[in-house]
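Presented below is the structure to which this report refers.
The values are calculated or read from the model by the stated rules, or taken from the named source; none is laboratory data. Keep in mind it's a predicted model, so treat the numbers as computed, not measured. Here the Cβ is made from the backbone with ideal geometry for all residues, glycine too, and neighbour counts use every protein chain on show. To get the accessible areas, we keep the full protein, side chains included, count just its heavy atoms, and leave off ligands, DNA and RNA. Shrake-Rupley method; radii C 1.70, N 1.55, O 1.52, S 1.80 Å.
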Amino acid sequence: MRPVRPVPPPPGTRRVWGACPHDCPDTCAIVTDVKDTPNGPVAVRIGGDPAHPVTRGALCVKVNKYLDRTYSDERVLHPMRRVGKKGEGRFEPITWDEALGTVAKRLKETIETHGAQSVLPYSYAGTMGLLQYGSMDRRFFHRLGASRLDRTICATAGGDAWKMVLGATVGTDPEAFQDAEVILLWGTNTITSNVHLWPFVKEAQKKGATVVAIDPRRTHTAEHCDEHVAPHPGTDAALAIGMMHVLFRDGLADLAYLERATVGWETLRDRCQAYPPERVDTICGLPTGTTERLARLWGSTKRAVVRLNYGLQRHHGGGNAVRAITCLPAVSGAYQEHSGGALLSTSGAFHNGLREDLLEREALVDPKTRIVNMSRLGEALLDLVDPPVKAIVVYNSNPAAVAPDQERVTEGLLREDLFTVVLEQFPTDTTDYADIVLPATTQLEHADLHTAYGHYYLTWNEPAIPRRGEAKPNTEIFRLLAASMGLDDPAHKMSDEEMVEEVLGTDHPFFRGITLQRLKEEHWVRLAVPEKWVPYKDGSPWNPDGKIHIASEKARALGLDPVPDYTPPVEIPDGEGRTSPEPRSGMSDTRRPENGHWPLRFISPPAHHFLNTTFMNVLARHEPTEPWLEIHPYDADARDITDGDRVRVHNHRGNLLLVARVTDIARPGTVVAPSVWWRKKSLDGKNANILTSERLTDIGRGATFYDCGVEVELAR
Ligand SMILES: Nc1nc2c(c(=O)[nH]1)N[C@H]1C(S)=C(S)[C@@H](COP(=O)(O)OP(=O)(O)OC[C@H]3O[C@@H](n4cnc5c(=O)[nH]c(N)nc54)[C@H](O)[C@@H]3O)O[C@H]1N2
Ligand SMILES: Nc1nc2c(c(=O)[nH]1)N[C@H]1C(S)=C(S)[C@@H](COP(=O)(O)OP(=O)(O)OC[C@H]3O[C@@H](n4cnc5c(=O)[nH]c(N)nc54)[C@H](O)[C@@H]3O)O[C@H]1N2
Ligand code: SF4
Ligand SMILES: [Mo]
């Protein structure tokens, strides 16, 4: 690919190298140009590092505006105490001493009265830096004996499913995509959610590759592909199994590779019998012949790669869908090629080496401590789990907006006997429910070390500007909280850089020669993985027997089918009119009406300018309208809905006001609400999660945001 021209720093500035902190596979290398002024250093320009092989000098539309975010007048810059009712968002500033004293006192009282497990940390990937994501905070909560949090809201369904087959979340190098001959973009809106893969896809396309998007929605990514296949949401496992049916049937399976590198392939071949391509076309709602054609395309070359992403795993059967797709390159033998195979995440290459166990002081955890699933926050706050949650400390997340079954979550957060602390950069929907808000720094104001889940480079983030107001990094806040609570073990006093040295203190070969010193000098460093890496050439190095587990003993031990199978969605019938029964008790949504199948499938994938809820407050004006619903003309006509009408989307969990966009971007039967809007900046104080359920995925205990049935009507 053509090299990128460097951009010199503007005159009178100095350049500081950093990393994008957001929950995005690309983990861009950022350069910030800083001017020293009489009032201190000020960041004047931000951009992508031209020398970085994946960032290639460009940031996305969101982080290009990171200076607007950092210097926004909306920032929370001082500790605050609630003065209004919960949910109102009225606060008064207090000193740090007062804030820390109050939090320490309330947590101590809670622990004395209700036990340490009544304290719940709630955090996700608002920042993905190892320090600010999970280090001092984990040490603090582990030492207290607080409840543990099962961080399932995004990726565990796919991640655990992938690991069942391949042992570690390591996939085809994104830089290798440029040499592929067939690329399937499966359940990924690449241009929105993984834009730095796109140039590699375009390069392959330029060289003659066929690129196919598999997505119920005709995204802008799909529009730029050679073909768009639009299955019903939640039917991907059937499609993958149907494709493998054709590969086995037509002699396109690489039996030598299957024999040499995998276990259990014969069982999968037998499973495929039940899914002839014609049946699969019906299940998925595809034109006859689609499954067969896709299979032949996939089997036509070993330089075939599938980029699967997380959209397709947010369904009841999402784990099995990922397992099935992961088997495709095994059956065709594409795992033997540098530019073949599959990519879900690259994170395993980092996490299998780094000493995150030390960073988080995992040794402090009593294995008997209860675990709360973050995807069922409503239940945790309402259903009197034993012991009840009496204090919640939220950071790096905005659960009032992003957690499913919003009504229950809100009811929980409104509880008068719940003590809520939120560490935030902005006055979000969640801070509105806080008793105490603690101001957090942004990426330009703190140090951090970044892994990635969409490439193989480790990146150092050097602070570029002074902290604004009284904001502090998460690490510092938990250091101070530990001191206020009287925790005086040296683990709670280490500096950020000492923790980085500790986490890098690994003898794993991927980290050979990588030190903090080197990272500071070079800004980002490729892991010591082979240049033309083919991780699954001979099987999987991450499974004890060295094989790819097409049949998985891990799955069997969990009571699952050892080979992947298709299970229909729970709330939305597939093309054969089938749904899955409610999952085991304790995981189901008991308020679902008898025979209650809503007529429309509802999905709420990321809007182009938002990152989950981050940037919504800064960039909403760049989105086409107020919060909207894409609805196909066929479904709109049947309901007398015209473009621009206000519509009410509803099901048994709640209802939501949106603006209708009548468009064939959505397939008939599926409506789409690009997300995730701040509730308080929406039309009726709610967002898509007023409709989603707390049901969990078949594998990985994940959230099922897109397994959601609704009806839509004109709002009156
Ligand atoms: N701009 C932007 N980028 C982001 C994010 C963001 O919010 N905004 N979020 C970040 C995060 S946290 C994550 S996890 C990733 C998420 O990014 P992706 O993994 O790409 O996930 P989604 O956008 O949820 O879904 C991708 C596509 O899957 C489609 N889809 C939904 N259901 C199905 C299905 O059943 N089958 C198939 N085949 N497709 C389906 C959706 O229509 C969507 O276009 O992106 C990251 N990047
Ligand atoms: N309906 C629907 N719901 C969804 C999704 C969907 O597609 N549809 N996607 C789901 C997915 S994939 C995910 S990953 C989750 C994401 O959900 P969250 O992890 O809650 O992500 P955000 O909404 O971006 O909120 C992150 C918050 O962290 C704050 N933050 C950032 N950096 C720091 C820091 O250094 N310190 C502190 N203290 N705070 C910081 C930001 O200001 C922001 O408010 O949402 C899920 N919810
Ligand atoms: S959000 Fe993703 S694409 Fe945008 S700058 Fe960050 S890492 Fe790069
Ligand atoms: Mo996510």
query: Checking E112 against (1) more than 16 Å from L438 (Cβ to Cβ); (2) more than 16 Å from ligand 3 (Cβ to nearest atom); (3) assigned to a loop (DSSP other than H, G, I, E, B), which single condition isn't satisfied?
result: (3)
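If you scan the stretch 605-630, which residues turn out to be near ligand 2 (Cβ under 10 Å from one of its atoms) and either within 14 Å of C60 (Cα to Cα) or not in a loop (DSSP other than H, G, I, E, B) (or both)?
At the first step, the residues of the stretch 605-630 found to be near ligand 2 (Cβ under 10 Å from one of its atoms) are 605-607, 610-617.
Once the filter is applied, which keeps residues that are near ligand 2 (Cβ under 10 Å from one of its atoms) and either within 14 Å of C60 (Cα to Cα) or not in a loop (DSSP other than H, G, I, E, B) (or both), the stretch 605-630 yields P606, A607, F610, L611, T614, F615, M616, N617.
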message: Restricting to the stretch 695-716, and then to whatever is assigned to a strand (DSSP E or B) and over 20 Å from M164 (Cβ atoms), can you tell me which residue is most open to solvent (accessible area, probe 1.4 Å)?
response: E713
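Quick grid of which residues meet (1) at pLDDT 95 or above; (2) out of contact with any Lys or Arg (no Cβ under 6 Å at 6 or more places or on another chain):
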residue: E623; (1), (2): no, yes
residue: D635; (1), (2): yes, yes
residue: D640; (1), (2): yes, yes
residue: A673; (1), (2): yes, yes
residue: G685; (1), (2): yes, no
task: Out of A58, A19, A104, report the one residue that is more than 16 Å from ligand 1 (Cβ to nearest atom) and modelled with pLDDT of 95 or more.
output: A104
statement: Expected single match for within 11 Å of ligand 2 (Cβ to nearest atom) and at pLDDT 95 or above among V409, V394, V389 is V394
- prompt: Considering only residues of the stretch 52-89 that are open to solvent by 70 Å² or more (accessible area, probe 1.4 Å) and of a type in the set (D, E), which is farthest from ligand 2 (Cβ to nearest atom)?
  reply: E88
query: Can you tell me how many residues in the stretch 90-100 are β-branched (V, I, T) and open to solvent by 50 Å² or more (accessible area, probe 1.4 Å)?
result: 1
- request: Among the residues of the stretch 639-666, write down those that are within 19 Å of R218 (Cβ to Cβ), buried (at least 18 other Cβ atoms within 10 Å of the Cβ) and not hydrophobic (A, V, I, L, M, F, W, C).
  value: R661
- line: Going through the stretch 203-216 in order, the residues found to be under 22 Å from T326 (Cα atoms) and either more than 6 Å from ligand 1 (Cβ to nearest atom) or not in a loop (DSSP other than H, G, I, E, B) (or both) are A204, A209, T210, V211, V212, A213, I214
message: Name the single residue that is farthest from D23 (Cα to Cα) among those in the stretch 180-202 being open to solvent by 40 Å² or more (accessible area, probe 1.4 Å) and in a helix (DSSP H, G or I).
response: K202
query: Residues of the stretch 24-51 being surrounded by fewer than 19 Cβ atoms within 10 Å (Cβ to Cβ) and part of a loop (DSSP other than H, G, I, E, B), which ones?
result: P38, N39, P50, A51
- prompt: Checking K207 against (1) open to solvent by 20 Å² or more (accessible area, probe 1.4 Å); (2) within 16 Å of ligand 4 (Cβ to nearest atom); (3) under 25 Å from E227 (Cα atoms), which single condition isn't satisfied?
  reply: (2)
